[in-house]
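The values are calculated or read from the model by the stated rules, or taken from the named source; none is laboratory data. Model, not experiment: these values are computed from the prediction. Every residue, glycine among them, receives a Cβ derived from its backbone with ideal geometry; neighbour counts consider all protein chains shown.
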Amino acid sequence: MGMILYEMAMSPNAKRARLGLAETGAPFERHEVNLIVGEQKSAAYKAIHPLGRVPTLDDDGVVVWESGAILLYLADKFPAARLIPGTLAERGQVYQWLTFGETSIHGYLGPMGFQMFRRAPEKRDQQVLERGRQRMPDVLGVLDRQLDGKDYVVGAFSIADCACAPWLELAPGFGIDLEPFANVRAWMSRMRARPSWEV
């Protein structure tokens, strides 16, 4: 059967997993789950992801959900893809920045995305949007300093980059200015130039 990624293509969380898959070079099938019409709530989908979220990876019956877990699984399954470094100290840095992507970046941009994409303009919670606009410059400043002198978050490309970049692609549309963060902007340009970005 091979690998199947259950996703909604426009989801940044799904893009995290898709980036990792594309970087392995291994074949995989994409299965669109339409969140807008509620397909994720079907009994068939909840049988593989009990919370009805995307993405979910089915690797010949091994089911892994949560984008960070999928990235870690792929790094372990495909060591030749070099998605994670070999030494424990270097791996610790990847774990740290992968979690930073899930908590600090997604922690603000995820709720903002829900307001922007799932709520009518007049029903958007402006406090959620304003909180993200106020707090994201601190998050971006930390990332910008980390990227100083580096091509990627931990130096070499890794799953940490897959975890951090997809939500940041949407940040300007949420009213977050990336202009002060030259290292972040240069890194995002390098990410967009990778063939995996377009998969």
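Quick check on the range 20-27. Is at least one of its residues aliphatic (A, V, I, L, M) and not in a loop (DSSP other than H, G, I, E, B)?
First, pick out the residues of the range 20-27 that are aliphatic (A, V, I, L, M): 21-22, 26.
Then drop every residue that is not not in a loop (DSSP other than H, G, I, E, B), which leaves 21-22.
Within the range 20-27 (the criterion being aliphatic (A, V, I, L, M) and not in a loop (DSSP other than H, G, I, E, B)), the answer is yes, since at least one residue qualifies.
If you take the residues in the range 83-113 that are closer than 22 Å to residue 54 by Cα and free of Cβ contacts under 8 Å to residues at least 12 places away in the same chain, which one is surrounded by the fewest Cβ atoms within 10 Å (Cβ to Cβ)?
Initial filter on the range 83-113 (closer than 22 Å to residue 54 by Cα): 83, 95, 97-113.
Then keep just the ones that are free of Cβ contacts under 8 Å to residues at least 12 places away in the same chain; that gives 95, 103, 107.
Numbers: 95: 16, 103: 13, 107: 16.
Among those that are closer than 22 Å to residue 54 by Cα and free of Cβ contacts under 8 Å to residues at least 12 places away in the same chain, it is 103.
Does residue 11 meet the test of being of a type outside the set (A, V, I, L, M, F, W, C), at pLDDT below 95, within 18 Å of the chain's Cα centre (by Cα) and more than 19 Å from residue 83 (Cβ to Cβ)? Walk me through it before giving the result.
On the way: of a type outside the set (A, V, I, L, M, F, W, C): yes; at pLDDT below 95: yes; within 18 Å of the chain's Cα centre (by Cα): yes; more than 19 Å from residue 83 (Cβ to Cβ): yes.
Considered against the rule, which asks whether it is of a type outside the set (A, V, I, L, M, F, W, C), at pLDDT below 95, within 18 Å of the chain's Cα centre (by Cα) and more than 19 Å from residue 83 (Cβ to Cβ), residue 11 comes out as yes.
Please count how many residues of the range 97-125 are aliphatic (A, V, I, L, M) and out of contact with any Phe, Trp or Tyr (no Cβ under 8 Å at 6 or more places or on another chain).
Within the range 97-125, the subset aliphatic (A, V, I, L, M) is 98, 105, 109, 112, 116, 120.
This time we only want the ones that are out of contact with any Phe, Trp or Tyr (no Cβ under 8 Å at 6 or more places or on another chain), so: 98, 120.
Going through the range 97-125 one residue at a time, the tally reaches 2.
Can you tell me how many residues within the range 179-193 are touching a residue at least 24 places away in the same chain (Cβ under 8 Å) and either of a type outside the set (A, V, I, L, M) or buried (at least 17 other Cβ atoms within 10 Å of the Cβ) (or both)?
7
Looking at (1) among the polar types (S, T, N, Q); (2) at pLDDT below 95; (3) not assigned by TED's automatic domain parsing to the domain that holds residue 170, which is the only condition residue 115 fails?
(3)
Please determine whether any residue of the range 30-37 is surrounded by fewer than 13 Cβ atoms within 10 Å (Cβ to Cβ) and within 30 Å of residue 146 (Cα to Cα).
No, the range 30-37 has no match at all.
Every residue in the range 118-147 that is modelled with pLDDT under 95, surrounded by 12 or more Cβ atoms within 10 Å (Cβ to Cβ) and not basic (Lys, Arg), please.
125, 128, 129, 130, 132
List, please: which pairs have Cβ atoms under 9 Å, are six or more places apart or on different chains, and start with a residue in the range 148-164 that is surrounded by fewer than 22 Cβ atoms within 10 Å (Cβ to Cβ) and end with one that is aromatic (Phe, Trp, Tyr)?
That search, which allows pairs on different chains as well, returns 150/187; 151/157; 151/187; 152/187.
Across the range 77-95, what is the number of residues that are in contact with a strand residue (DSSP E or B) (Cβ under 8 Å, 6 or more places away or on another chain), not in a helix (DSSP H, G or I) and not basic (Lys, Arg)?
Kept after step one, since they are in contact with a strand residue (DSSP E or B) (Cβ under 8 Å, 6 or more places away or on another chain), are these residues of the range 77-95: 77, 82, 85, 90, 93-94.
Those still in the list that are not in a helix (DSSP H, G or I) too: 82, 85.
The next check asks that each one be not basic (Lys, Arg); those that pass are 85.
Number of matching residues: 1.
Could you grab me the full set of residues in the range 139-158 that are touching a Cys at 6+ places or on another chain (Cβ under 8 Å) and within 19 Å of residue 86 (Cα to Cα)?
Within the range 139-158, the first condition is being touching a Cys at 6+ places or on another chain (Cβ under 8 Å), and the residues that meet it are 143, 153.
153 - this is the single residue of the range 139-158 that is touching a Cys at 6+ places or on another chain (Cβ under 8 Å) and within 19 Å of residue 86 (Cα to Cα).
Specify which of the listed residues (17, 9) is surrounded by 14 or more Cβ atoms within 10 Å (Cβ to Cβ), within 20 Å of residue 170 (Cβ to Cβ) and either touching a strand residue (DSSP E or B) at 6+ places or on another chain (Cβ under 7 Å) or not acidic (Asp, Glu) (or both).
On the way: 9 fails: surrounded by 14 or more Cβ atoms within 10 Å (Cβ to Cβ).
Matching residue, one of 17, 9: 17.
Could you say which residue among 98, 74 is in contact with a helix residue (DSSP H, G or I) (Cβ under 9 Å, 6 or more places away or on another chain), assigned to a helix (DSSP H, G or I), modelled with pLDDT of 95 or more and assigned by TED's automatic domain parsing to the domain that holds residue 22?
Numbers: 98 fails: assigned by TED's automatic domain parsing to the domain that holds residue 22.
None of the others qualify; the one that does is 74.
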